[in-house]
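See below for the structure under consideration.
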Amino acid sequence: MKVFSEAVALASPIATSELEASVCAIDDARAGRLPIELMIGVGPLSTDVPFRVLGYAGCVAEAIRSDVRLLIEPSIPKIRLFTSAPKTEGFHRGRALMSLVTLAGALRIAGVDSPIYLDFARRDPEIPPDLDIDLGPDLLEWVLSRDSRHRPGKPPSLRYALEHASPSMFADIADSDDTPVRITVGGATEARFWAVRMQVRSAAATRGLRIAPAVGVIIKALRVPWYQPTSYEPSLLAALRPAEAIKGLSTAANPARGGNGALRREARAAIRLVDEEGVADLIEAALSTERAMRFARVNGFNLGRRLLDAMENDDESASGDRL
Amino acid sequence: MGGIGNEASIRTPVIQFIGDKALQSRRDSTEQRETPNSPIILRPNMKTPFGLIARFIVNSSGEILEATSDAGGRS
């Protein structure tokens, strides 16, 4: 009997019918009757792209080669990367673009050759505000305390967490008739958001909204989102001198030297990949929005309408681009 | 992109029509069913409906549960 390496998140235990639908959808996908999308979310990047993006991509690539392949073989998935940054205060379009493009490029370096789509989430709220959503006390406390940390001084809100189920993020609430099977791949934070999404799905289904079949593969060892780097981590630019970048990230991941042990797995993966062909181009892509856009096009990434609209909009007050 | 709440998006949930026939064929073969919408509690090391064993399971609070030698401890 084959065993998943990572944590598996199912449309469960919300409702039997949800779980059955996911199982049937995976069966259909394996038989080529339904397309599959891997959903990888990126939160707002508050600083320069960290070197760790390479390690995160390496870990995701491993999960795709192991658990995702076990689930969907022989089907070939599309990969949808999106950033939730537009749904947050202080949205910075240049950093949002950079986070998507560098992660996509890092996935290529890590050996992922599926088609990759990049887009921004919609800025406007998409989840109906009057859905009857019960998160339960534990999850509610996590959501509210997280919101307070990220928006200090503001009244705690569920909105950002609930929006994870929206069509322009993980797309639990479907936006078209030809809904693919969607497999979420991400770090431990996605487990909490997965639970929130399941409650939104349940409320939406009760309302009669369309729900997409979904499965999650959660890499539990990844506990610090790469787009929220710790203060001691080297940036991707530091990888111009690989030895220094390796030393910096190794230290940042070493608790005995004041680092955070939760970075270890990504640090190991980044070190494995830093000498691969393509890293120099990836670093250059992180130098400006123009270079990032060029890198995306040269590498054949598919750019979504919201991303293109945001990058073509020169109104800085609307986009928040300060690059 | 179609928005939520517009006329086009309020339809029968996809979960009801995807694999409706396949669902029917499984009615008698899936374990742990009580009523059509009753919760299923998956535990670590339990065979998932995909025919694969999961050592780790995300529970309804978003915690990751890990199998232990006692069959189902918390990570």
Subset of the range A:179-188 that is more than 9 Å from chain B (Cβ to nearest Cβ) and out of contact with any helix residue (DSSP H, G or I) (no Cβ under 7 Å at 6 or more places or on another chain) - its residue that is farthest from A:LEU162 (Cα to Cα)
A:PRO180
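For every residue, the table says whether it meets (1) of a type in the set (Lys, Arg); (2) facing chain B (nearest Cβ under 7 Å); (3) free of Cβ contacts under 8 Å to residues at least 60 places away in the same chain.
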site: A:GLU190; (1), (2), (3): no, no, no
site: A:ARG197; (1), (2), (3): yes, no, yes
site: A:THR206; (1), (2), (3): no, no, no
site: A:PRO213; (1), (2), (3): no, yes, no
site: A:ALA221; (1), (2), (3): no, no, no
site: A:GLN228; (1), (2), (3): no, no, no
site: A:SER231; (1), (2), (3): no, no, yes
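Just for the range A:98-121: of the residues that are in a helix (DSSP H, G or I) and more than 13 Å from the chain's Cα centre (by Cα), which one is nearest to A:LYS78 (Cα to Cα)?
A:ARG108
This table checks each residue for (1) assigned to a loop (DSSP other than H, G, I, E, B); (2) modelled with pLDDT of 95 or more; (3) at positive phi.
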site	(1), (2), (3)
A:GLU141	no, yes, no
A:PHE170	yes, yes, no
A:ARG192	no, no, no
A:ALA203	no, no, no
A:PRO225	yes, yes, no
A:TYR232	yes, no, no
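For every residue, the table says whether it meets (1) farther than 27 Å from A:GLU6 by Cβ; (2) of a type outside the set (D, E, K, R).
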{"site": "A:PRO155", "(1), (2)": "yes, yes"}
{"site": "A:VAL181", "(1), (2)": "no, yes"}
{"site": "A:GLN228", "(1), (2)": "no, yes"}
{"site": "A:LEU240", "(1), (2)": "yes, yes"}
{"site": "A:GLU244", "(1), (2)": "yes, no"}
{"site": "A:SER250", "(1), (2)": "no, yes"}
{"site": "A:GLY261", "(1), (2)": "no, yes"}
Per the list (1) within 17 Å of the chain's Cα centre (by Cα); (2) of a type outside the set (Gly, Ala, Ser); (3) within 22 Å of A:SER231 (Cα to Cα), residue check on A:GLU6 breaks on (3)
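The values are calculated or read from the model by the stated rules, or taken from the named source; none is laboratory data. Just so it is clear, the model here is predicted, and its values are computed rather than measured. Glycine also receives a Cβ, built like all others from the backbone with ideal geometry; neighbour counts cover every protein chain displayed.
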